[in-house]
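The structure appears right after this line, and notes come after that.
Here, each number is a calculation from the coordinates, and none is a lab measurement. Source: prediction; values computed, not measured. No Cβ is skipped: glycine too gets one built from the backbone with ideal geometry, and neighbour counts run over all protein chains shown.
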Amino acid sequence: MSHEGIRIATREETAKEAEAERPLPRIAITPEKVRVLLTEGKGLEIDWVDGHRSAWSFVWLRNGCPCATCIEERKTEGRKAGQPKAKPAELLPMYSPPVKPASAQAVGRYALQFNWLDGHSAGIYSWEYLRRSCQCRECTFAAAETIGTPN
């Protein structure tokens with residue numbers, strides 16, 4: 001008997017997966033106003049129809065790229081979306097240019113795509129992905145509460 005594909009999941013993992021699969025209301029994933037602060041080099045701000053406001057830095061967005069290659073890389077390295085790669089120990093720190101896209105464009109009515117200065121452009125950031133990965137204090141607190149500790 002083969003056991004391939006069988007995975008034992010903890011209560012926390014099961015709760016997190018259930019939360020991630022829970023559909024969000026349409027007004028929660030419909031942007032009212034989208035600002036890509038390219039000139040300022042700051043990041044992305046979205047005001048949602050439901051009144052919520054989200055903001056992400058370009059560093060977080062690049063490290064949270066939702067393309068298959070980046071997801072697989074993060075999974076292999078044990079990183080979460082938005083979490084930077086571990087830096088190798090260096091004698092002298094090398095200059096690295098600021099993380100910033102060269103451009104951004106809408107993808108239909110459901111997403112944004114960035115063309116990063118490092119040449120990467122495969123990630124399509126859907127409104128749902130962005131809302132689920134909101135970095136505001138309220139959302140990060142709610143995410144921590146959902147995962148929580150077992151009772």
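Go through 85-93, 40-48 and give me the packing order, highest mean Cβ count within 10 Å leading.
Numbers: 85-93: 6.8, 40-48: 16.2.
Output ranking for 85-93, 40-48: 40-48, 85-93.
How big is the dipole moment of the chain about its Cα centre under a simple scheme where the beta carbon of each Lys and Arg is +1, that of each Asp and Glu is -1, and everything else is neutral? Debye, nearest 20, please. Kindly include the intermediate steps, with their values, before the conclusion.
Working: 21 positive and 19 negative charges, 49 e Å.
Approximately 240 debye in magnitude.
Can you tell which of 48, 18, 78 lies farthest toward the positive end of the dipole of region 1-88, using +1 and -1 charges on the Cβ of basic and acidic side chains (Lys, Arg; Asp, Glu)?
78
Straight-line reach from residue 16: which lysines fall under 20 Å, measuring Cα to Cα and dropping same-chain residues less than 8 apart?
75, 80
Would you compute, for the Cα atoms of region 58-114, the largest minus smallest coordinate along each principal axis and list the three values in descending order, in whole Å?
Reported extents, whole Å, longest axis first: 47, 26, 14.
Taking a ≥ b ≥ c as the square roots of the Cα gyration tensor eigenvalues, with a/c under 1.5 meaning rounded and otherwise prolate when a/b beats b/c, else oblate, which class fits region 82-150? Show your work: numbers first, answer last.
Numbers: a/c = 3.04, a/b = 1.14, b/c = 2.67.
Oblate is the answer for region 82-150, as a/c is 1.5 or above yet b/c matches or exceeds a/b.
Per residue, how big is the convex hull of the chain when only Cα atoms are used? Give it in Å³.
Per-residue hull volume (Cα only) is 185 Å³.
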